[in-house]
Amino acid sequence: MNTAKSVTSPRKFIIGKGLLSDLNTYTSVYGKKAYVICDEFILERVKEEGGASFDKGGNEATFVKFGGECTQEEIDTHRKAATDMKADIIVGVGGGKTLDTAKSTAYFEKLPVVIFPTIASTDAPCTALAVIYNTDGSFDRYLFLPSNPDIVLADTTILAGAPKRFFLAGIGDALATYFEARACYRSNGDNLVLMKPSWTGLGLAKLCYETVLQYGEQAALAVEQGMVTPAVEKTIEATIYLSGVGAEAGGLAAAHAIHNGMTAVPELHGVQHGEKVVFGLLAQLVLEDVPKEELETVISFIKKVGLPLTLKDLGLTEFKESEWRQVAKDACAEGDTMGNMPLPVTPEDVYNAIVAADAIANHYKNIDL
Ligand SMILES: [Zn+2]
C-alpha cells in the first residue's frame, strides 16, 4: 500500500484585475503560437482584448468557439485545428467544460495549457482532472491527467462580473473543503490523486475555510454590484485555488459523496454543484456528530452569505423516500469518497443524516444565530 503523501498544484496561479489584456505575457513563456478555446459569450472580447496583447508581443493566436460539451469529438476537433496551426500552447477561456476541453486537448497534444476561468463556481480550474461527456450529454469518463495546468489566470474583473449565483456556488464548494480534508486526514484516506493527505493539504483547506468565513459575505455583496474589492480577491483565491488544491491534496469525504448521490434526483438537475455540496456538508456534519458551535457557525454562514440551506431552498418540492434512499446508496458506492470518513458509514446512516440535516436546516432557518 502506498503511504506517501502529496501536494499537487498548477505550476503558477496568478490573480489580479485585467489579466485578459495581458494574455500574451503569460503564454509567451511557452511559445509563439496560442490556440485559444473560448466560451461563445466572451469570444469577441477575448479576440479583442487578448488578441491585442498577442499583436503587441509579435505572437500569433487563433480564437475558436467552444462547442458546448466536453466530448471526445470536441477534443479531437480542437486537436486537429491546433496541429494545423502548429500551436505551441493551448488556452481555455470559459466555464468548467471549456477548461476541461482545453486541458484534454493539451494533454493529448502534449502541449502546455493556460486556464482562464470566467466563473468561480467549482474546483475545475486547478485540478488534474477532466470530465468527458457523450454527445447526448451523459457522463462518459473521467480523464485523469498526469499533471495540473501550467498556469491558472484568475482575472478578478471578469470573475466578479459573472452572475452572483456562480460566485456563491464557488463559496459553497469551498466551504466544504476543510471539513472533507479534516475527515480524510483523520481516516488517513486517499486524496484526489490517490495518495495520502498531506499536512499542507489540510492547512490549505483550513485557510480556505477561514477565508470564506471571514470575507465571503462582504465579497458576495461586492460581486452583486460587479465590484472587485480585496475581500473579493481573497475569496476568489479561496474558491479557485485553495479549494481546488486543498481538495486535491487533502481529499474529499461525505459532502461530495452525498452531492454525487444527489445527482440522481431529477428535481435538483438545475442546481449548481456547490449548492448541492453545501447540503452534503450539513449531512456530513451530522454524520460526524460535530460540536453544536461548529454546526451553528456553518449554518449561520450559509444563511448570511445567501446560499440555499434546506432541500426546499434547493428547489425540492416533494421528499420521496425511495429517491433519497437511492441518494444514500449511491453516496456509499464503492470507490466514492464516503470511504474517507473517519468512521464506517452505511446507506442507512446517510439516509438518517440527510433527513436530520434537512430538519436541522429548517429549524435554524428562522432563528437568528
Ligand atoms: Zn466540488
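The values are calculated or read from the model by the stated rules, or taken from the named source; none is laboratory data. It should be emphasised that the depicted structure is a prediction, and the values quoted were computed from it without experimental measurement. Ideal geometry is used to build each Cβ from the backbone, glycine not excepted, and the neighbour counts take in all protein chains shown.
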(request) Check the stretch 310-328 and report whether any residue there is more than 17 Å from Asp358 (Cβ to Cβ), surrounded by 16 or more Cβ atoms within 10 Å (Cβ to Cβ) and either touching a residue at least 40 places away in the same chain (Cβ under 8 Å) or not aliphatic (A, V, I, L, M) (or both). (result) no
(message) Can you name every one of the strands (runs of 3 or more DSSP E) wholly within the stretch 120-169 that holds 1 or more residues which are more than 23 Å from Thr71 (Cβ to Cβ)?
(response) 151-155
(message) With the structure loaded, tell me whether Gly201 is over 14 Å from the mean Cα position of the chain (by Cα), within 17 Å of Phe13 (Cα to Cα), more than 13 Å from the ligand (Cβ to nearest atom) and among the small types (Gly, Ala, Ser) or whether it fails that test.
(response) yes
(request) Kindly indicate whether any position in the stretch 186-196 is more than 16 Å from the chain's Cα centre (by Cα) and in a helix (DSSP H, G or I). (result) yes
(request) Kindly list the number of the only condition in (1) surrounded by 19 or more Cβ atoms within 10 Å (Cβ to Cβ); (2) away from the ligand (no atom under 16 Å from the Cβ) that fails for Ala120. (result) (2)
(request) Determine whether Glu248 is in contact (Cβ under 8 Å) with a residue 60 or more places away in the chain, away from the ligand (no atom under 13 Å from the Cβ) and of a type in the set (D, E, K, R). (result) no
(message) Of the residues Leu129, Leu153, only one is aliphatic (A, V, I, L, M), at pLDDT 90 or above and either closer than 19 Å to Thr263 by Cβ or surrounded by fewer than 20 Cβ atoms within 10 Å (Cβ to Cβ) (or both); which?
(response) Leu129
(message) So, in the stretch 132-150, how many residues would count as being crowded, with 17+ Cβ neighbours inside 10 Å and over 25 Å from Asp88 (Cβ atoms)?
(response) 1
(message) Checking the structure you have, find out if any residue of the stretch 7-17 is surrounded by fewer than 24 Cβ atoms within 10 Å (Cβ to Cβ), among the hydrophobic types (A, V, I, L, M, F, W, C), modelled with pLDDT of 95 or more and more than 29 Å from Met195 (Cα to Cα).
(response) no
(message) If I go through the stretch 56-75 residue by residue, how many of them are assigned to a helix (DSSP H, G or I), among the charged types (D, E, K, R) and more than 14 Å from Leu20 (Cβ to Cβ)?
(response) 2
(request) Within the stretch 128-165, track down each residue that is in contact (Cβ under 8 Å) with a residue 60 or more places away in the chain, among the polar types (S, T, N, Q) and more than 23 Å from Ala87 (Cα to Cα). (result) Asn134, Thr135, Thr156, Thr157
(message) Any residue that is within 16 Å of the ligand (Cβ to nearest atom) and either loosely packed, with under 15 Cβ neighbours inside 10 Å or among the charged types (D, E, K, R) (or both) - is there at least one of those in the stretch 251-271?
(response) no
(request) May I ask you to verify whether Glu44 is of a type in the set (D, E, K, R) and touching a Leu at 6+ places or on another chain (Cβ under 9 Å)? (result) no
(message) Among the numbered criteria (1) among the aliphatic types (A, V, I, L, M); (2) surrounded by fewer than 21 Cβ atoms within 10 Å (Cβ to Cβ); (3) within 15 Å of the chain's Cα centre (by Cα), which one does Val245 miss?
(response) (2)
(request) Only residues that are surrounded by 24 or more Cβ atoms within 10 Å (Cβ to Cβ) and either without any contact (Cβ under 8 Å) to a residue 12 or more places away in the chain or within 12 Å of the ligand (Cβ to nearest atom) (or both): list them for the stretch 276-293, please. (result) Lys276, Val277, Val278, Gly280, Leu281
(message) I need the full set of residues from the stretch 96-119 which are assigned to a loop (DSSP other than H, G, I, E, B) and more than 15 Å from the chain's Cα centre (by Cα), in order please.
(response) Lys110, Leu111, Pro112
(request) Could you check Thr83 against (1) at pLDDT 95 or above; (2) part of a loop (DSSP other than H, G, I, E, B); (3) touching a helix residue (DSSP H, G or I) at 6+ places or on another chain (Cβ under 8 Å) and say which number it fails? (result) (2)
